[in-house]
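The values are calculated or read from the model by the stated rules, or taken from the named source; none is laboratory data. In this text, all values refer to a predicted model and were calculated from it rather than measured experimentally. All Cβ positions, glycine included, derive from the backbone under ideal geometry; neighbour counts span all protein chains shown. With ligands, DNA and RNA removed, areas are computed over all heavy atoms of the protein, side chains included. Shrake-Rupley method; radii C 1.70, N 1.55, O 1.52, S 1.80 Å.
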Amino acid sequence: METAKKMQIRKNDIVKVVTGKEKGKVGRVLKVDRENEKIVVEKINMVKRHLKPGKTHPQGGIVEKEAAIASSNVMIMCDNCNKPTRIANRIEADGNKSRACKHCGDILAAKKK
């Protein structure tokens, strides 16, 4: 039985793309697919989809939307040092686990909309 590695990225995190055609762009995570280790980032990896006419789109047509990107291609941005960073797991005195920046040690919290 294969064990999947735990993804550290959560919805509403600010991430920077570090590899691929969108390299260098920064965006907010909209959706996380832990099973396939993919994420959807706002305004990153835009693709065109053809829609048939229906109730929501009576005309049909071509719609641009975000496609999934591999979670290994992005790094989370630290609020304090404003750099892309890896994530350290911290266990606080009260027993709570939290994510921390590897550079500055600041606690990372998911952004609220």
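When we screen THR56, THR85 for residues that are within 17 Å of LYS6 (Cα to Cα) and polar (S, T, N, Q), the only hit is THR85.
Annotation: of all residues in segment 69-102 being of a type in the set (Gly, Ala, Ser) and part of a strand (DSSP E or B), the one that is nearest to the chain's Cα centre (by Cα) is ALA70.
Only one of the listed residues (ILE9, ILE39) is assigned to a loop (DSSP other than H, G, I, E, B), among the aliphatic types (A, V, I, L, M) and either under 20 Å from the mean Cα position of the chain (by Cα) or modelled with pLDDT of 95 or more (or both). That residue is ILE9.
Counting only residues that are closer than 16 Å to GLN8 by Cα, small (Gly, Ala, Ser) and surrounded by 16 or more Cβ atoms within 10 Å (Cβ to Cβ), segment 28-77 holds 1 of them. Taking the listed residues GLU22, GLU64, the one that is more than 12 Å from the chain's Cα centre (by Cα) and in contact (Cβ under 8 Å) with a residue 40 or more places away in the chain is GLU22, with no other qualifying. The residues of segment 85-113 that are closer than 16 Å to VAL26 by Cβ and open to solvent by 40 Å² or more (accessible area, probe 1.4 Å) amount to a single one, LYS111.
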